[in-house]
Structure formats: structure tokens, C-alpha cells
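Peer 1: Structure incoming, see below.
Read the figures in this text as sums done on the coordinates, not as results from a lab. Bear in mind that the values here come from a model prediction, so they are computed numbers and not experimental data. Heads up, the Cβs are rebuilt from the backbone with ideal geometry, glycines too, and the neighbour counts pull from every protein chain shown.
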Amino acid sequence: MIVSRPVRTGLTALAAALALAGCASPPATRGPVELNLVAINDFHGNLEASKYTLKNNGSDNKETIQAGGIDVLGGALDAFRKEDKDLLFVAAGDLVGASPALSSMWADEPSIVAMNRMGLVASSLGNHEFDQGSKELLRQQHGGCDSPRPAKACQLSKDFKGAGFTYLATNVIDQSTGKSLVPGWRIVDVKGVKVGLIGAVLQDMASVTVGSAIKGLAFPDEAESINKVLPEMRAQGAQVFVVLIHEGGHTGEAFDKVLCDGLEGPIVNIVRKLDPAIRLVITGHSHKGYLCKVDGRVVTQADAMGHLLSRIKMTVDPVSGKVEDITVRNVVMQPGAFTPDAQLGAYLADVRARSAAELAKPVARIASPSVARKEDDNGVAPLGTVIADAAVAAMRAQGVQVGFMNPGGIRKDLEAGEGGVVSFGQAQAVLPFGNTLVAMDLTGAQLRALLEQQWQRQGNGYMLQTSSSLSYQWDSTRPAGQRVLPASLKVNGKPVEDGKTYRVVANNFLADGGDNFPMFAKGTNRVETQLRDLDALVAFLKQHTELGAASMAADKRIQKLR
């Protein structure tokens with residue numbers, strides 16, 4: 001049966017529609033949404049806890065503790081996720097590279113696996129992701145075993161899957177294609193809010209990376225590259241923007257001082273040039289803990305080695321995407337503060353067991369429990385001198401007179417076990433890069449100019465560690481370029497002559513002009529020895545069992561006058 005219905009006139013239909021509209025409920029409104037982020041930077045393959053000097057806000061008291069370790073980091077994240085299951089775990093680069101042997105002997109694959117298991121979503125590239133070149137970087141991202149270090153890759157597991165997180169960098173360009181090496185950004189949906197994560201690495205990669213590792217890549221301006229991608233991200237629905245950048249700064253304020261205002265360093269000018277829509281910048285590279293504000297934006301960093309995690313809460317209007325508030329704190333990853341994650345603890349135990357025999361091999365004996373990498377007021381570190389002397393000793397056949405070491409390449413104190421025995425693992429933790437030694441000639445004039453370059457990057461100096469054959473005095477109050485007193489510069493006790501040639505040795509990173517020492521790149525009669533700096537150090541330690549804190553204490557060959 002067909003039931004006929006009366007046809008409404010336009011007027012009656014309109015009246016009915018209005019009536020229905022009057023009865024309808026108003027659209028539901030959403031209140032502010034809390035987005036919780038946790039950030040890490042400069043993990044450097046530190047699967048185990050390591051030494052951290054803790055100085056609390058408002059206190060001059062310092063305490064050295066063990067902090068970090070993947071089991072503790074995982075336990076902290078477990079606890080934080082109980083508060084918010086939608087927590088976003090992100091990073092600001094250098095997750096791998098310059099790593100202790102426990103990670104580096106397996107091509108840093110355990111560190112990638114650990115970050116996967118912690119639920120890392122994205123990380124900016126750091127300079128150390130390039131240590132083995134872009135091919136290895138991309139293998140670590142995508143997985144597989146085709147590696148420039150086949151003796152290490154896929155040896156822990158024959159089926160390396162790669163990173164479950166996304167490496168991001170807007171300013172790493174393959175010059176042969178003009179395209180980005182990795183994605184510049186990604187958008188994640190958190191509680192219905194589209195969060196745009198943007199990655200970048202420091203533009204000055206040439207000064208901190210071996211030239212061969214970044215050949216064919218360009219690194220444009222950080223802020224311009226970040227700002228450039230915002231329109232496309234908005235078109236894809238991004239409402240909130242978070243920058244993950246491997247560049248940083250420093251401040252005299254405590255790691256846990258909230259919204260400090262004394263941040264200095266290269267990150268400050270980068271932040272000031274960013275689009276106003278960017279309210280949060282998570283940084284790395286400088287290995288500092290800070291929670292600062294720059295031009296109204298929050299800028300954070302979580303020290304290094306997994307010692308801290310930055311906890312960040314953003315209050316966001318879910319409709320407009322307006323960031324109404326940001327609160328931050330740095331949390332120390334101190335054992336006992338969190339229940340260790342059982343699965344990560346088991347994984348760490350397995351890696352330790354697989355690594356134990358190689359790492360425990362004794363390689364030398366020294367006269368003290370440790371040799372420190374910390375510099376004195378003159379700019380001299382006992383361990384820096386040992387490493388430079390070791391390089392000279394290894395290069396005697398090349399006629400080398402002076403050795404140099406960059407302080408940033410010395411990753412830890414040289415520590416010994418019972419009876420002063422140094423294991424392979426302890427030695428490798430000092431020099432984890434696998435750099436090789438390069439011998440070259442410099443004139444006396446070039447040697448002077450090289451030493452003056454120590455004050456080009458930082459006003460208070462970035463002091464080259466030198467062999468005991470070199471001595472000089474310097475004055476910080478003299479003009480830049482004239483801080484080394486001319487008559488004080490000596491090699492083996494004899495004054496340096498500008499026109500005379502001196503044979504020197506440095507690792508291949510410095511030899512390419514790394515760490516802003518371009519004078520090394522002008523060296524002539526270069527010999528690329530392929531001898532690893534670590535092997536030179538081990539050989540030297542075997543011949544010098546007297547080494548220790550006491551034996552190094554009287555080193556006054558380099559003196560700061562003022």
C-alpha cells in the first residue's frame with residue numbers, strides 16, 4: 001500500500017525547519033586540551049647510567065650521582081603515561097654516535113631499539129647521526145644490514161628493523177637532487193589536536209662533522225628552513241607547532257629553574273627569527289639542562305646522556321589551536337626515583353651479556369682510579385694531554401713533534417677498575433668515534449694562528465688539548481688574535497720560529513678543520529695514517545703505567561696570565 005503524504009508548501013516547510021532548529025541542542029563546545037610531551041636530547045648511546053653532577057635550583061651544593069640508563073628512562077615514561085596515555089615522546093638529536101662501547105660495538109643498533117621500545121615518535125637529526133655518513137644514517141632509519149661498518153651492523157640481531165620513530169630535518173638538502181635527505185616535519189593527532197613536529201640541525205655542520213661524512217649535503221639557515229614549511233603544514237591541518245632542533249645554548253642558571261631568562265648561545269638568534277606561531281622549541285647539542293624563555297617562547301634542553309627528561313605541558317584551544325599556556329620541568333633520571341621498566345631491563349641485561357667478554361678485556365694499567373677530562377683554569381685537561389701525547393708517540397716514525405686533541409672528542413674520564421686495570425670498554429668510552437690520525441706540516445706562523453683560533457668560537461676559549469711538547473702563555477685581556485704571548489710559544493723547549501716547519505698530528509676530524517680550526521686544513525705533506533686514535537691511546541697506556549691524577553698535577557706548560 002502506498003500511503004500518500006501531504007505536500008508541504010514552501011512556507012510550511014520553512015516553518016517546520018525553524019521549529020526544528022529551535023528545538024535542536026546547541027553545538028557541543030570543547031574546553032582547553034592538555035598536551036603532555038617528554039623530550040630527550042644527546043642520548044649518545046648511553047644504555048647504562050653514567051655520572052651526572054647535580055646542582056639544584058637555588059643551591060651551590062653539587063652532588064655527583066649515577067643517572068639515566070634505558071631501564072630507568074623506560075620506567076619514568078611508564079609512570080608518566082599512567083598520568084596521560086597520549087603522552088608524546090620526542091627528541092632533539094644525537095641519539096647515537098660518540099657512544100660507549102656497549103652501543104657502538106653493535107653499530108648503535110641497541111640504542112635505536114631502546115628508543116623504539118620507549119615509544120619515541122620523532123627526533124631531529126643531530127650532527128652525530130652523520131658520524132658514519134648519510135648511508136648509515138638512512139640504514140638506521142629504515143633498517144637492513146647494508147652498512148659501511150659490516151663488522152658491527154646486524155651482529156646483535158640479524159634482522160635489524162631500523163627506527164620506529166621518524167628522523168626530521170628541514171635543513172638537510174641532498175645537493176644532487178635538491179630534495180631533503182629526510183622528512184622535514186610530520187603531524188601527529190593528540191587528543192584531537194593536530195601537532196606539527198618540525199626538525200632541524202645546526203647550520204654549521206661543517207665545523208662539527210668529518211667532511212667526508214656530509215659530502216654532497218647542504219645545510220641552509222635553521223630558522224628560514226623551519227618557517228618555510230609552516231604554510232604546507234597548515235594546509236595539512238597542523239594547529240600547534242613544536243620545533244625539535246639540534247642546536248643549543250647555555251646559562252648560568254640551574255637546570256631546573258623554570259622560565260630562566262639568561263640563555264645565551266646560537267639558539268637565541270634562531271629562536272628570535274622563528275614564526276610567531278611557534279611557541280615551543282626543544283633543543284640539543286650543547287649538553288645543558290635549561291628551561292628558558294626567549295621572546296615569549298619556551299626553550300628547553302635536557303642535559304645529555306639520558307640524565308634528564310624534560311616534561312612539558314601545553315594547554316591548547318582545540319578549535320583555534322591557540323597555545324594558552326606552557327609549563328615545563330626537568331626531571332632527574334636518578335635510580336630509585338622510578339620503577340625500572342622490566343622489558344628494557346631485560347634487554348639491557350641481554351646486550352651486556354653479549355658484550356661482556358669484549359668489553360672486559362684488560363688493555364692497560366694506570367696508577368690512579370681515573371684520569372680527568374676536565375680542564376683547569378689554564379685550559380689543560382690531564383686526559384687531553386695523555387691523548388695528544390699518545391698521538392705523538394704513535395707518529396714518531398712520521399717525525400711528529402706536536403699533537404692536538406679537540407676537547408669535545410673526549411667523551412668521558414678514563415676510569416680504571418680494581419688494581420688500576422683499564423678495560424677495552426673503559427678506554428673506548430673515552431674515544432668512541434673511531435677517528436684516525438693525520439700527520440701534517442704547519443709553519444711556525446700557522447701554529448701561532450692555529451692557537452689564536454681557540455678564541456674564535458667562544459669568548460672564554462675552546463682550548464685545544466696539546467702534547468706535553470708544546471708550551472705557551474696566554475692572556476684573555478689581550479685583543480682577539482693576539483692572546484698567545486709571542487715569545488712564550490715553544491716546541492720541546494725551543495722558541496717557535498715563524499718560518500720553520502713543524503710536524504704535527506691530529507685526528508681526522510680536526511685535520512679537516514673541524515671545531516672551527518680551519519688552519520688544520522691548510523697543513524701540507526699530509527699523511528692519512530688510518531691508525532685509530534683509540535689504538536694509539538691504548539698503546540701509550542701500556543707503556544706508561546705511571547699515569548694518574550698525581551703524575552699530571554704539575555703540568556704548568558700552558559699558563560693563563562689573566
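Peer 1: Put a dot 7 Å past each Cα toward the Cβ at S488 and D376; how far apart are the dots in nm?
Peer 2: Placing both labels 7 Å beyond Cα along the Cβ direction yields 1.4 nm.
Peer 1: Taking H placed 1.01 Å from N in the peptide plane, check which residues at least 5 places from Q203 or on another chain put their amide H under 5 Å from its amide H.
Peer 2: Under 5 Å from the amide H of Q203 lie the amide H atoms of E222, each far enough along the sequence or on another chain.
Peer 1: Taking only the alpha-carbon atoms of the stretch 360-560, what semi-axes of the equivalent ellipsoid follow from 5 times the gyration tensor eigenvalues under a square root, in whole Å, largest first?
Peer 2: 27, 19, 15
Peer 1: Once label points are set 7 Å from the Cα along Cα→Cβ at both D221 and E528, what is their separation, rounded to one decimal in nm?
Peer 2: Placing both labels 7 Å beyond Cα along the Cβ direction yields 3.5 nm.
Peer 1: Cα axis of helix 342-359 to longest principal axis of the chain: angle in degrees, 0 to 90, nearest 10?
Peer 2: Helix 342-359 and the main axis of the chain meet at about 20 degrees.
Peer 1: Sorting check: for 333-341, 100-108, which peptide has the highest mean count of neighbouring beta carbons within 10 Å, and how do the rest follow? Don't skip to the end; give the middle numbers.
Peer 2: Values: 333-341: 17.0, 100-108: 24.8.
Peptide ranking by packing, descending: 100-108, 333-341.
Peer 1: First measure r as the distance between the Cβ atoms of D475 and A445, then evaluate 1/(1 + (r/R0)^6) with R0 = 22 Å and state the FRET efficiency to the nearest 0.05.
Peer 2: Working: r = 20 Å, r/R0 = 0.89.
The computed FRET efficiency comes out at 0.65.
Peer 1: Still on this model: Under a crude label model (7 Å from the Cα following the beta-carbon direction), how far is K179 from S157 in nanometres?
Peer 2: Placing both labels 7 Å along Cα→Cβ, they lie 2.8 nm apart.
Peer 1: Sort C292, C145 by Cβ crowding within 10 Å, fewest neighbours at the top.
Peer 2: Working: C292 26, C145 14.
The most exposed by this proxy come first: C145, C292.
Peer 1: Given axes a ≥ b ≥ c from the Cα gyration tensor, I'd like to know whether the stretch 33-350 is rounded (a/c under 1.5), prolate (a/b larger than b/c) or oblate. Provide the component values of the computation, followed by the final result.
Peer 2: On the way: a/c = 1.37, a/b = 1.07, b/c = 1.29.
Rounded.
Peer 1: While we're here: Once the Cα atoms of helix 533-543 and of the chain are each reduced to a long axis, what angle between those two axes, in degrees from 0 to 90 to the nearest 10, is obtained?
Peer 2: That helix lies at roughly 40 degrees to the long axis.
Peer 1: Sort the following peptides by mean Cβ neighbour count (other Cβ atoms within 10 Å, averaged over residues), highest first: 232-245, 131-144.
Peer 2: Values: 232-245: 20.4, 131-144: 18.9.
Most protected by this proxy first, the peptides run 232-245, 131-144.
Peer 1: Compute the long axis of helix 109-118 from its Cα atoms, compare it with the longest principal axis of the Cα atoms of the chain, and write down the angle in degrees, 0 to 90, nearest 10.
Peer 2: Relative to the chain, helix 109-118 is tipped by roughly 30 degrees.
Peer 1: FRET efficiency for L138 and R354, Cβ-Cβ distance as r, R0 = 25 Å, nearest 0.05?
Peer 2: Working: r = 26 Å, r/R0 = 1.02.
Computed FRET efficiency for L138 and R354 comes out at 0.45.
Peer 1: Rounded to the nearest 5, what is the percent of antiparallel bridges among the DSSP beta bridges in the chain? Please report the intermediate quantities before stating the final value.
Peer 2: Details: 63 of 95 bridges.
Restricted to the chain, the bridges split so that about 65 percent are antiparallel.
Peer 1: Between K322 and K293, take the C-beta separation as r, use R0 = 22 Å, and let me know the FRET efficiency to the nearest 0.05.
Peer 2: Numbers: r = 18 Å, r/R0 = 0.82.
Step by step, r from the Cβ atoms, then E = 0.75.
Peer 1: What is the extension gain from D146 to V258, computed as 0.36 nm multiplied by their sequence separation minus the C-alpha to C-alpha distance, in nm to one decimal? Kindly include the intermediate steps, with their values, before the conclusion.
Peer 2: Details: separation 112, 0.36 × 112 = 40.32 nm, distance 4.52 nm.
Contour length minus the Cα-Cα distance gives 35.8 nm.
Peer 1: Then there's this: So what is the 222 nm mean residue ellipticity for the chain from helices alone, if each DSSP H run of at least 4 adds -39500 (n - 2.57) and you divide by all residues, rounding to the nearest 500 deg cm²/dmol? Intermediate values should be presented prior to the final figure.
Peer 2: Details: 14 runs with 138 residues, N = 562.
Theoretical 222 nm ellipticity from helices: -7000 deg cm²/dmol.
Peer 1: Further question on the same structure: Cα-based count: Lys pairs in the stretch 360-560 below 22 Å, eight or more positions apart or different chains?
Peer 2: 13
Peer 1: Over the alpha-carbon set of the chain, work out the extent along each principal axis and list the three values in angstrom, largest first.
Peer 2: Projected onto the principal axes, the Cα atoms of the chain cover 114, 52, 52 Å.
Peer 1: A further question follows. On a straight-distance basis, which aspartates and glutamates could pair with K194 in a cross-link, Cα separation under 18 angstrom, same-chain partners fewer than 8 positions away excluded?
Peer 2: Within the straight-line limit of under 18 Å, K194 reaches these aspartates and glutamates: E34, D84, D86, E232, D275, D317, E324, D325.
Peer 1: How long is the gain from R365 to D84 if the chain were fully straight, where each residue apart is worth 0.36 nm and the alpha carbon distance is subtracted?
Peer 2: Working: separation 281, 0.36 × 281 = 101.16 nm, distance 5.00 nm.
Separation in residues times 0.36 nm, less the Cα-Cα distance, equals 96.2 nm.
Peer 1: Additional query: What ranking do 118-129, 474-485, 182-193 get when scored by the average of other Cβ atoms within 10 Å per residue, highest first? Numbers along the way, then the final one.
Peer 2: Numbers: 118-129: 25.7, 474-485: 14.2, 182-193: 17.6.
Per-residue mean Cβ counts within 10 Å order the peptides as 118-129, 182-193, 474-485.
Peer 1: List every residue whose amide H lies under 5 Å from the amide H of F43, counting only residues 5 or more places away in sequence or on a different chain, with H placed 1.01 Å from N in the peptide plane.
Peer 2: Answer set, sorted by chain and number: L95, M305.
Peer 1: Charges at C-beta only: +1 for Lys and Arg, -1 for Asp and Glu. How large is the resulting dipole of the chain about its Cα centre, in Debye rounded to 20?
Peer 2: 460 debye
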